[in-house]
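Participant: Sending over a structure as structure tokens; questions will come in a sec.
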Amino acid sequence: MSTSGFWADLSAHYEMFQPDAYVCIAEYSDSQILSQIKRLKTDEKYFDVPVIMITNEDCFDFYYNENDTENIIDIILSRPITISAISEKIIRLLHSIEEEKERIAKAKAAEELEIQKSNAKKHIVIVDDDKNVLKLLKLALEDRYDVTAIVNGRMALKLLETKTPDLIFLDYQLQLETGPEIFRKIKRIESARNIPIVFLTGIADREKITEVLSLKPQGYLLKPIDMDRVNETIKSLLG
């Protein structure tokens, strides 16, 4: 689509055609042309539409030097130049602009996701067949965290099919399947293998503690539950 250099035409044709680029044909050195381009590039409706100038060889320096201070023209091309060369440069410019927009959009989306994560409550899963322990921990933590209380390991594994919690407290002496068995199964799940796991155990003898540590959990807590230790452990793992 073609238009004149008058502002009324430029703005009206923009509204009509929504162009991907402006190509300005400058036959001679003209400050008025630069003024109109500058107006385009400072108006929020039009500023992101690139401007390509095609001018005569003897005018090239004028537009290049003026543009060097204002930086309003995206590409300045000097005649003689072929149509195919013009097309190639414009297409390359448009592709680079689209790539930059995609990069910015991805970066913005990632930033927003991080903000959402930081604002969201951390998700803590407690797996214990002692309902008193579940109740104690849930009541103590649910004001600050999203807490899921689970009575056996199989239910925990089922939950991990759709959820990726930030921390798991796992009873070492579960019925049906023991804590170590569930621990090993969790570590074989791709999406869950990096979730920190802290064992809860009522056995304090050295042999059992050594057995617990051999699995390399992120920690263990002895029963009866000490909430100060619980909070310290959560803070050290989740911040």
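Participant: When Ile126 is evaluated against the numbered criteria (1) more than 19 Å from Thr164 (Cα to Cα); (2) β-branched (Val, Ile, Thr); (3) touching a Leu at 6+ places or on another chain (Cβ under 6 Å), which criterion, by number, is the only one it fails?
Facilitator: Looking at each condition in turn, Ile126 falls short on (1).
Participant: A further question on this structure: Can you pull out the helices (runs of 4 or more DSSP H) entirely within segment 178-239 that have at least 3 residues that are more than 18 Å from Ile124 (Cβ to Cβ)?
Facilitator: 179-187, 206-214
Participant: Further question: Looking only at segment 23-71, how many residues end up being β-branched (Val, Ile, Thr) and not in a helix (DSSP H, G or I)?
Facilitator: Result for segment 23-71: 7.
Participant: Right, here's the next one. Leu113 versus (1) modelled with pLDDT under 90; (2) hydrophobic (A, V, I, L, M, F, W, C); (3) not in a helix (DSSP H, G or I): which is the lone unmet condition?
Facilitator: Answer for Leu113: the failing condition is (3).
Participant: I would also like to ask the following. Take segment 1-22 and flag every residue that is part of a helix (DSSP H, G or I) and surrounded by 11 or more Cβ atoms within 10 Å (Cβ to Cβ).
Facilitator: Listed by number, the residues that qualify are Trp7, Asp9, Leu10, Ser11, Ala12, His13, Tyr14.
Participant: Could you please tell me which pairs satisfy a Cβ distance under 9 Å, a separation of 6+ or placement on different chains, a first residue in segment 194-209 that is touching a residue at least 40 places away in the same chain (Cβ under 8 Å), and a second residue that is hydroxyl-bearing (Ser, Thr, Tyr)?
Facilitator: Going by the 9 Å Cβ cut-off, the qualifying pairs are Leu200/Tyr172; Leu200/Tyr220.
Participant: In segment 45-72, which residue that is among the β-branched types (Val, Ile, Thr) and free of Cβ contacts under 8 Å to residues at least 40 places away in the same chain is surrounded by the fewest Cβ atoms within 10 Å (Cβ to Cβ)?
Facilitator: If we take residues in segment 45-72 being among the β-branched types (Val, Ile, Thr) and free of Cβ contacts under 8 Å to residues at least 40 places away in the same chain, then Thr69 is surrounded by the fewest Cβ atoms within 10 Å (Cβ to Cβ).
The values are calculated or read from the model by the stated rules, or taken from the named source; none is laboratory data. Since the model is a prediction, treat every value here as computed from it, not as a measurement. Heads up, the Cβs are rebuilt from the backbone with ideal geometry, glycines too, and the neighbour counts pull from every protein chain shown.
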